[in-house]
Amino acid sequence: MRVLLPLAVLLPVLGAALTLALGSHPVAQRWVSVAALSGVTATAAALLFGAATDGPQSVVLGAWPAGVGISLVADRLSALMLLTSSVVTLSVMLFSVGQGSTGDTERTPVSIYHPTFLTLSAGVSIAFLAGDLFNLYVGFEVLLVSSYVLLTLGGTAARVRAGMTYVVVSIVSSLLFLTGLGLVYAATGTVSMADLPGRLSGLPLAVAVGLQLVLLLAFGLKAAAFPLSGWLPDSYPTAAAPVAAVFAGLLTKVGVYAIFRTQTVLFGGVESAAVTTGLVVVAIMTMLVGILGAIAQNDLKRLMSFTLVSHIGYMLFGVALGTVEALGAAVFYAVHHILVQTALFLVVGLVERAAGTTSLRRLGGLGGAAPGIALLFLLPALNLAGIPPFSGFIGKLALLRAGAEEGGFAAWALVVAGVVTSLLTLYAISRAWAATFWSGRATRLDPEVSPETAAARAHRVPPAMVAAATGVVVVVTALTLVAGPLLDLADGAAADTLDVQQYSSVVGGLDTPPADGSGGTDSGEKAP
Amino acid sequence: MTTAVVVALLVATGTWLVLRRGLLRVVVGFVLLGHGVNLLVLTAGGTDRRGFALPGQQGQGPVADPLPQAFVLTAVVIAFAVTVHLLGLLRQGQALDEDDDAEGPA
């Protein structure tokens, strides 16, 4: 099983190299991309199975001794996040293949899209599987640099403007991360996640909390936690539909994953009431400010971006509580959220394709012209708002229950904020759905931009795009059917992250070399 | 001590430049900030507070801590790529509107 670990990184990297070389053969490019991402999905599924049956797996690359070489680790949390993200990247890749050369392409260099997308996927894999802080940083950078290129693909005025904001904000967070990394190394002499828990808890409390805050700040910026979330709704809506979908699904959640690791594995032994209170406040404000922002929007894409920010708050909710039940619920919610946001952004891409606009002032009556799209939007939208029996409801219920069990002012404040956010999400979503699909008036388009009527356009949405979007919607809806086992798995993943002893002994470091002397026998290639 | 002063100077100048209006100054500011942080990471090294990174080095005289150097090497490459991308964006933006001031709600 351990031999599979580097595959999750190598497949997309090799695919990226191959698609770069195949730049002039778009059809071959598509086959390579889909094959590589399918391979990652299969690998992730195998890793999850392995982690669930045999416990966490780890491998040290390049036959270096443990604690020196680059280690990749797949516990249940890593593998579950990796599987979810690879399903998303694969679906989005199918969507963009379906979009084909007829999409918004006039100025888009399509040949660069596939290699960049695959590199992004590789970066996500590195980040989820990283066994040391520095490799996590490298994973972040690989996916961020790819995302810079994807966001500004085509170089239109709107994308350059949004791209500049996005790149500047991301660099700030990367510099913060690197600073935190340097300080952690200066204080402890290691960046291995196996050694750090022991060494960090041995530090004076003030130093440890300082390090924790620098890292949380860096990850909070990436995860778009309030008040560091203002950049997101300004940058995502300008991107091409598939790009926005994969960003919405994955990028912020990699930040959430890093916060998860920071709070459980790294600083689990550092007890600070101030940090916990801070996280509670951030979680509440992220939920409420995000959803209030969504209500004020008149553009479907911006509205979705604000709900995305808002629901990051639910995952912080779980992290702030920090019990196994709360963390498990947050993991479940992250899986649900990655899929549901991707589904919604893909369907918004369909709406844009069908109607020619995403402005709620112009959209209208699309339900008659495109009833299929109306249904595709409605299912994940209700799911997001937390209507039973969808997975959004189950995830929120698990979080609220964990909050109620914990008790105390902070936990009840989180519960109340969670319920209010859920209701406001329902309002924002139903308003958007009604304006887009239900209202009597037809979509009004600028005649200069689009000479044909919206109804005529709606019939020309490529079936492959609809099929890919339908796939994600089906997957996220089907989460309900496997909610019980998935919630158990999520609880197990949370337990994995809290069991620092087991994690350390599996990863192996300078302090605790792995019991079976593993890591020296596998000769993988070095990660980039 | 010298390094601490240099890091402080680099970060202060970088922050000041990043907060300026012109986008080229922002880019240069990030280059300086990057250098400051890289120096900080370099000073984090030290073989006295931990063992030798690679086995078999004992008794061969003083050895620098290689890990922070490897970190910085990686960070420098990344910073270089990002700087080039920023400059590319800047150029594209100028070509689009002949105005490098970050005006409006950018």
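Take B:Ala75 and decide whether it is facing another protein chain (nearest Cβ under 7 Å) and at pLDDT 80 or above. Taking the combined requirement at face value, the residue satisfies it. Picking from residues in region B:3-47 that are outside any loop (DSSP other than H, G, I, E, B) and in contact with a Pro (Cβ under 9 Å, 6 or more places away or on another chain), the one that is farthest from B:Leu89 (Cα to Cα) is B:Thr43.
The rows are residues; the columns are (1) buried (at least 24 other Cβ atoms within 10 Å of the Cβ); (2) among the charged types (D, E, K, R); (3) within 19 Å of A:Pro242 (Cα to Cα).
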residue	(1), (2), (3)
A:Gly290	yes, no, no
A:Met315	yes, no, no
A:Ala330	yes, no, no
A:His337	yes, no, yes
A:Phe345	yes, no, yes
A:Ala369	no, no, no
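You will find that of A:Gly15, A:Gly69, the residue that is in contact with a Gly (Cβ under 9 Å, 6 or more places away or on another chain), touching a residue at least 40 places away in the same chain (Cβ under 8 Å), surrounded by fewer than 24 Cβ atoms within 10 Å (Cβ to Cβ) and not charged (D, E, K, R) is A:Gly69 and no other.
Criterion first (surrounded by fewer than 23 Cβ atoms within 10 Å (Cβ to Cβ) and either touching a residue at least 60 places away in the same chain (Cβ under 8 Å) or farther than 21 Å from A:Arg261 by Cβ (or both)) does A:Ala326 satisfy it? Considered against the rule, which asks whether it is surrounded by fewer than 23 Cβ atoms within 10 Å (Cβ to Cβ) and either touching a residue at least 60 places away in the same chain (Cβ under 8 Å) or farther than 21 Å from A:Arg261 by Cβ (or both), A:Ala326 comes out as no.
Being touching a Ser or Thr at 6+ places or on another chain (Cβ under 6 Å), more than 10 Å from every other protein chain (Cβ to nearest Cβ) and modelled with pLDDT under 90 is a property that A:Ala162 lacks. Please find, among A:Leu327, A:Leu316, A:Leu339, A:Leu346, the residue that is under 16 Å from the mean Cα position of the chain (by Cα), more than 27 Å from A:Leu376 (Cβ to Cβ) and of a type outside the set (Lys, Arg). That would be A:Leu316, the only listed residue that is under 16 Å from the mean Cα position of the chain (by Cα), more than 27 Å from A:Leu376 (Cβ to Cβ) and of a type outside the set (Lys, Arg). Please indicate, with yes or no, whether at least one residue in region A:91-114 is more than 9 Å from chain B (Cβ to nearest Cβ), at pLDDT below 95 and under 20 Å from B:Gly34 (Cα atoms). No, every residue in region A:91-114 fails to be more than 9 Å from chain B (Cβ to nearest Cβ), at pLDDT below 95 and under 20 Å from B:Gly34 (Cα atoms). The helices (runs of 4 or more DSSP H) found entirely in region A:347-439 include none that carry 2 or more residues being in contact with a strand residue (DSSP E or B) (Cβ under 8 Å, 6 or more places away or on another chain) and in contact (Cβ under 8 Å) with a residue 40 or more places away in the chain.
Any residue at all in region A:358-380 that's over 18 Å from A:Thr307 (Cβ atoms) and either modelled with pLDDT of 90 or more or of a type in the set (Lys, Arg) (or both)? Among the residues of region A:358-380, at least one is over 18 Å from A:Thr307 (Cβ atoms) and either modelled with pLDDT of 90 or more or of a type in the set (Lys, Arg) (or both), which makes the answer yes. For region A:22-79, the tally of residues that are within 19 Å of A:Arg261 (Cα to Cα) and either charged (D, E, K, R) or in contact with a Cys (Cβ under 9 Å, 6 or more places away or on another chain) (or both) stands at 2. Taking the criterion of being surrounded by 23 or more Cβ atoms within 10 Å (Cβ to Cβ) and either more than 20 Å from the chain's Cα centre (by Cα) or farther than 27 Å from A:Asp491 by Cα (or both), the residues of region A:33-55 that qualify are A:Ser33, A:Ala36, A:Leu37, A:Ala51.
Taken over region A:229-260, the criterion of being charged (D, E, K, R) and crowded, with 24+ Cβ neighbours inside 10 Å is satisfied by A:Lys253 alone.
Only a single criterion out of (1) modelled with pLDDT of 90 or more; (2) buried (at least 17 other Cβ atoms within 10 Å of the Cβ) is not satisfied by B:Ala12, namely (2). Of all residues in region A:223-252, those that are within 14 Å of another protein chain (Cβ to nearest Cβ), among the hydroxyl-bearing types (Ser, Thr, Tyr) and under 14 Å from A:Leu144 (Cβ atoms) total 1. Applying the selection to region A:146-158, what residues are more than 9 Å from chain B (Cβ to nearest Cβ) and not small (Gly, Ala, Ser)? Answer for region A:146-158, where residues must be more than 9 Å from chain B (Cβ to nearest Cβ) and not small (Gly, Ala, Ser): A:Leu150, A:Leu151, A:Leu153. In region A:255-269, the condition of being in a helix (DSSP H, G or I) and within 23 Å of A:Leu424 (Cβ to Cβ) is met by at least one residue.
For beta carbons closer than 6 Å, sequence separation of 6+ or different chains, a first residue in region A:209-220 that is within 7 Å of A:Val275 (Cβ to Cβ) and a second that is surrounded by 24 or more Cβ atoms within 10 Å (Cβ to Cβ) and charged (D, E, K, R), there are no qualifying pairs. Of all the numbered requirements in (1) modelled with pLDDT of 90 or more; (2) within 14 Å of another protein chain (Cβ to nearest Cβ), A:Leu213 misses one, and that requirement is (2). Please tell me if A:Gly62 is of a type in the set (Gly, Ala, Ser), surrounded by fewer than 24 Cβ atoms within 10 Å (Cβ to Cβ), modelled with pLDDT under 85 and under 25 Å from A:Ala35 (Cα atoms). In short, no. Of the numbered criteria (1) at pLDDT 85 or above; (2) touching a Lys or Arg at 6+ places or on another chain (Cβ under 6 Å), the one A:Pro242 fails is (2). Candidates A:Leu203, A:Leu181, A:Leu175: the one that is more than 10 Å from chain B (Cβ to nearest Cβ) and of a type in the set (A, V, I, L, M) is A:Leu203. Of the residues in region A:122-131, not one is within 10 Å of another protein chain (Cβ to nearest Cβ), at negative phi and not hydroxyl-bearing (Ser, Thr, Tyr).
Going by the conditions given, is A:Thr286 in a helix (DSSP H, G or I) and at pLDDT 90 or above? Considered against the rule, which asks whether it is in a helix (DSSP H, G or I) and at pLDDT 90 or above, A:Thr286 comes out as yes.
Looking across region A:191-204 at every residue that is touching a residue at least 12 places away in the same chain (Cβ under 8 Å) and out of contact with any Asp or Glu (no Cβ under 8 Å at 6 or more places or on another chain), the one that is surrounded by the most Cβ atoms within 10 Å (Cβ to Cβ) is identified as A:Leu196.
The values are calculated or read from the model by the stated rules, or taken from the named source; none is laboratory data. It should be emphasised that the depicted structure is a prediction, and the values quoted were computed from it without experimental measurement. In this analysis, Cβ positions are derived from the backbone assuming ideal geometry, glycine residues included, and neighbour counts consider all displayed protein chains.
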